[in-house]
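Engineer: For reference, the structure I am asking about is given below.
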Amino acid sequence: MTKIQKQIVIVTGISLAVAGIAFLLTATGIISFRFPGSSEHGNRCANQPVEKAQEEFRENVLGKEAVGFHPMSIVRYPNTSADNRRAYHCKFLPLALELNSDEVRPYPDKDKDGNKYVPSVCNATEIDRLPDAIKNNQQRIVTAAKSVGRLLVHISKDKNVAPVFWGTATLVAPDVVATTCHTLNSYVQKKGDDLELVAQTDDQYMVVDFQKDPTKYGSQYECKVTSLLKCSKEKGLDFALLQIEKECKAIKNVTPLVLSRQNPDEVASVALVGYPDSKHFIDYDTREVFDAELVLNYGAGAVNYPNRKDYLYAKYVRSGAALKDNCNKDSNAFLHPSTTTVGESGGALLDLTQGSSTDPLQIVAFHTCCATYFSEPKGVPPDPDLTCAQIHRTYENQALKSWSVLQNAELCQALQKHVSYDLSCPKP
């Protein structure tokens, strides 16, 4: 068994064990899930009290007509237990991309038997099943979403063995995909002062595909990852570029996305595209929100173990809003309250505020991590091997600005060699 295979087995086992124990203890009332309070996350904010930063974030997001979300939809740390279960996801619901058409599926409103369906974390009046931000930009979003793919690791020569889902990656050049540095933390190794991918072999190799159908695997859908083109060396700049095989047939009709040079001070309306890991979720509430398609197609019993069904869709989009992180001076991060889970790091935040209704959407940021991933009961975050994977905690989901990527001379110049347009890279 290789190093990567051992890590997959160990991490999967630990994740399932911790999740199972936490769920049982919570369900039986032995412990209660506790959101981080001000004493736990107050020291994350260097420039002002974190409560003040949260208040400004909410006021700015809610003040924009293009967004117009209910205040409770973006409260990550509500003050009363009654608010906890309705605070998370109800205005930023995950919407699946249709398998056989270029459309975004409205969030399901019924179960298999035709009964009204509302996740227990939501009130029916709070749910926007197809937000205007998505509906009014649907064709542009669907077109751009074709360039967002999933990283997979093959761990066997046997073609009947499905690859392991590794994360999300976005095509940013004809032979380059972008993802997060922490996604690759266990798949790279040091080579002198630089980094490289672990050796690709016949029975262990990384690929990227852009399928919407989670059941379709095979070389005809895949592009092999050939090398680590460049990985950030800067703490907090959670970004890496992977080179894929040239002229890969699987992406002959896929157009690379352009990184926006915008660094907006005000809130930007965005659409987030990514691949959720349907086997591992950050928390029970997030899983329930994503489970809507299972309930619609199979009934409520389809979400329960050991008879839980696999997801029918692989790629999801949701509306949201991104705003600069006022907690950290010269921060590389945007904050956004979209519903996300494990696997979506590297997903693209598409800027819906720039250009005309017919212009291709650009990437304004890359989703990197989440507000509550390392909150109790999961404990203290691990210390990654890579400097760039050491991301700072935030009170909302965080995304790395594409502007910050292009301000980094090494990353920008590495990408410039693979695109035909001028990135105006800074000098080293």
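The numbers here are math on the coordinates, done by the rules we state, and not lab data. Given the structure is predicted, the values throughout are model-derived calculations rather than measurements. Positions of Cβ are backbone-derived with ideal geometry, glycine not excepted, and every protein chain shown enters the neighbour counts.
Engineer: Just to be sure I understand the model, the point goes 7 Å from the Cα along the line to the Cβ. What's the resulting S424 to K246 distance in nm?
Structural biologist: 3.0
Engineer: Starting with the fewest neighbours, write out K110, K324 ranked by other beta-carbon atoms found within 10 Å of each beta-carbon.
Structural biologist: Ascending Cβ contact count within 10 Å gives the list K110, K324.
Engineer: Here's another thing I want to ask about it. Test of understanding: ordering V270, V198 by Cβ neighbours within 10 Å, fewest first, what list do you get?
Structural biologist: V198, V270
Engineer: So if R0 is 41 Å, what FRET efficiency would D203 and E98 give, r being the distance between their Cβ atoms, rounded to the nearest 0.05?
Structural biologist: That gives a FRET efficiency of 0.75.
Engineer: Could I ask something else about it? What is the gain in length, in nm to one decimal, between S357 and Q413 on full extension, counting 0.36 nm per residue of separation less the C-alpha to C-alpha distance?
Structural biologist: Using 0.36 nm per residue and subtracting the Cα-Cα distance, I get 17.1 nm.
Engineer: Additional query: Holding the Cα-Cα limit at 30 Å, pick out from K230/K309; K157/K191; K401/K427; K235/K309 the pairs that are longer than that.
Structural biologist: K230/K309; K235/K309
Engineer: On to the next question. Mind giving me the nanometre distance, one decimal, between the label points for N307 and D113, set 7 Å out from Cα along Cα→Cβ?
Structural biologist: Taking the simple label geometry, N307 and D113 are separated by 1.4 nm.
Engineer: Given a Förster radius of 30 Å and the C-beta distance between K157 and D194 as r, what FRET efficiency does 1/(1 + (r/R0)^6) yield to the nearest 0.05?
Structural biologist: Step by step, r from the Cβ atoms, then E = 0.50.
Engineer: What FRET efficiency would be calculated for the residue pair T215, N123, taking the C-beta separation as r and a Förster radius of 35 Å, to the nearest 0.05?
Structural biologist: In this case the efficiency is close to 0.55.
Engineer: Cβ under 13 Å from A250's Cβ, A250 left aside: what net charge do those residues give with Lys, Arg +1 and Asp, Glu -1?
Structural biologist: +2
Engineer: Across bins of 5 angstrom width beginning at 0, how are the C-alpha pair distances of the stretch 269-364 distributed, in whole percent?
Structural biologist: Reading the bins upward from 0: 3, 12, 19, 19, 16, 12, 9, 6, 3, 1.
Engineer: Determine the gain in length on full extension of the stretch N185-Q139; use 0.36 nm per residue of separation and subtract their C-alpha separation, reporting nm with one decimal.
Structural biologist: Additional length available on full extension: 13.1 nm.
Engineer: If you rank L130, L352 by fewest surrounding Cβ atoms within 10 Å, what's the result?
Structural biologist: Least to most surrounded, the residues fall as L130, L352.
Engineer: Pairs of alpha-carbon atoms within less than 8 angstrom and 6+ residues apart define the contacts here; what relative contact order does the stretch 217-274 have, in percent?
Structural biologist: In percent, rounded to a whole number, it is 29.
Engineer: Please list the non-local residues whose amide H lies under 5 Å from the amide H of V270, H modeled 1.01 Å from N, same-chain partners needing a gap of 5 or more.
Structural biologist: G320, A321, A322, L352
Engineer: Put a dot 7 Å past each Cα toward the Cβ at Y298 and E266; how far apart are the dots in nm?
Structural biologist: Here the modelled spin labels are 4.6 nm apart.
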